[in-house]
1. Among the residues of region 198-219, are any crowded, with 16+ Cβ neighbours inside 10 Å and in contact with a strand residue (DSSP E or B) (Cβ under 8 Å, 6 or more places away or on another chain)?
2. Those residues that are surrounded by 15 or more Cβ atoms within 10 Å (Cβ to Cβ) and under 18 Å from residue 124 (Cα atoms), I need them from region 165-179; list them, please.
3. Working carefully through the options 156, 89, find the one that is open to solvent by 70 Å² or more (accessible area, probe 1.4 Å) and outside the structural domain of residue 209 (by TED's automatic domain parsing).
4. Please enumerate the residues belonging to region 45-57 that are open to solvent by 10 Å² or more (accessible area, probe 1.4 Å) and either of a type in the set (Asp, Glu) or away from the ligand (no atom under 11 Å from the Cβ) (or both).
5. Scan region 129-142 residue by residue and report those that are hydrophobic (A, V, I, L, M, F, W, C) and assigned to a loop (DSSP other than H, G, I, E, B).
6. Name every residue in region 43-55 that is at pLDDT 95 or above and either closer than 17 Å to residue 15 by Cα or touching a helix residue (DSSP H, G or I) at 6+ places or on another chain (Cβ under 8 Å) (or both), in order of residue number.
7. Show me the helices (runs of 4 or more DSSP H) entirely contained within region 42-128 in which 3 or more residues are out of contact with any Gly (no Cβ under 9 Å at 6 or more places or on another chain).
8. Filter region 41-70 down to residues that are over 21 Å from the mean Cα position of the chain (by Cα) and under 24 Å from residue 229 (Cα atoms), then give me how many there are.
Amino acid sequence: MIHTAVLKKEVLEYLDPKQNESFVDCTVGEGGHAEEILAKNGPEGKVLGIDLDPHQISASQWLHVQFKDRIVLVNDSYTNLSEILERKEFKPVNGVLLDLGMSSAQLEGTQKGFSFKIDQGLDMRYNDEMNYLTAEKIVNDWPEEEIERVIREYGEEKFSKKIAANIVEKRKQGRIKTTFQLIEIIKEATPGAYHRGKIHYATRTFQALRIAVNDELENIKRVLPQAVSALAPEGRLVVISFHSLEDRIVKNFLAEESKKKSLKILTKKPIAASREEVAKNLRARSAKLRAAIKI
Ligand code: SAH
């Protein structure tokens, strides 16, 4: 599946790229948003694109063809933002974009076990070299209480207790290695009505494991202050989140910075995708955009 960048129009509206300004796209992915920015900040403006997943950095190389050295790509975690900016001598920063979570290409096009539609090993890492924890390790080696907590907190899954208990029961018979094995375990632990629900019954558990494997919520907490300190005066911060846990972190952070008078919030309420966009792109369904400007 080809990835379609979400809220493109809204991202441009809030980042407001002007001639020769410079931007950091912390989650460059396949370059959808970066392309939009580069189309606006010519002839000299740059975009520094970061992505933790080396395959995503490969997937954004095409930007060089069109924009030459106006695009700088870095395979690293956005949690190292300050250091990356220093290393690349990337200054000033007129805007920072974070499009959190994962892309549709990662969901279905990789061998990482992100999708419950494909039978693969339970990995879920965005980057094998920078991360030793896998979903397989969590389900097979962690204590039941910890697994339950992950599924409840990061998945907001109401059957977390039953699912965790069944994981621990089933792993006694041998390691749980694949997505389809895990789905079967989740199915057994949940009632029939849940299997006919609007979202697939494994969605929440899979989301929870992915967040835990990649430490996604902590990462957001780590990058936001670095983004603010990197911004030039009047620079803009735009964050797109995909579930309530992420959005809460962003919302609270912006509120605190606004109290400290380091940021002015531009979105009183989070911006959601239009009905037309949601109809075309499923990932837009839960997207929420918040933006602020550096004072
Ligand atoms: N805006 C992009 C899509 C981004 S999808 C586009 O238009 O194509 C989210 C991306 O964030 C994924 O590519 C994922 O690999 C990346 N990502 C997740 N955690 C990250 C981290 N800690 N540091 C950098 N990139 C990360």
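The values are calculated or read from the model by the stated rules, or taken from the named source; none is laboratory data. As the structure is a prediction and not an experimental result, all values here were calculated from the model. Positions of Cβ are generated from backbone atoms using ideal geometry, with glycine treated the same way; all protein chains shown enter the neighbour counts. Heads up: the accessible areas ignore ligands, DNA and RNA and are worked out on the full protein's heavy atoms, side chains in. Shrake-Rupley method; radii C 1.70, N 1.55, O 1.52, S 1.80 Å.
1. Scanning region 198-219, I find no residue that is crowded, with 16+ Cβ neighbours inside 10 Å and in contact with a strand residue (DSSP E or B) (Cβ under 8 Å, 6 or more places away or on another chain), so the answer is no.
2. Answer for region 165-179, where residues must be surrounded by 15 or more Cβ atoms within 10 Å (Cβ to Cβ) and under 18 Å from residue 124 (Cα atoms): 167, 176, 177, 178, 179.
3. On the way: 156 fails: outside the structural domain of residue 209 (by TED's automatic domain parsing).
It is 89.
4. 46, 51, listed by residue number.
5. Initially, region 129-142 is screened for residues hydrophobic (A, V, I, L, M, F, W, C), giving 130, 133, 135, 138-139, 142.
Those that are hydrophobic (A, V, I, L, M, F, W, C) and assigned to a loop (DSSP other than H, G, I, E, B): 130, 133, 142.
6. Those that are at pLDDT 95 or above and either closer than 17 Å to residue 15 by Cα or touching a helix residue (DSSP H, G or I) at 6+ places or on another chain (Cβ under 8 Å) (or both): 44, 45, 46, 47, 48, 49, 50, 51, 52, 53.
7. Details: elements: 54-59, 62-67, 81-87, 104-109.
In region 42-128, the matching helices (runs of 4 or more DSSP H) lie at 62-67, 81-87, 104-109.
8. Within region 41-70, residues that are over 21 Å from the mean Cα position of the chain (by Cα) and under 24 Å from residue 229 (Cα atoms) number 5.
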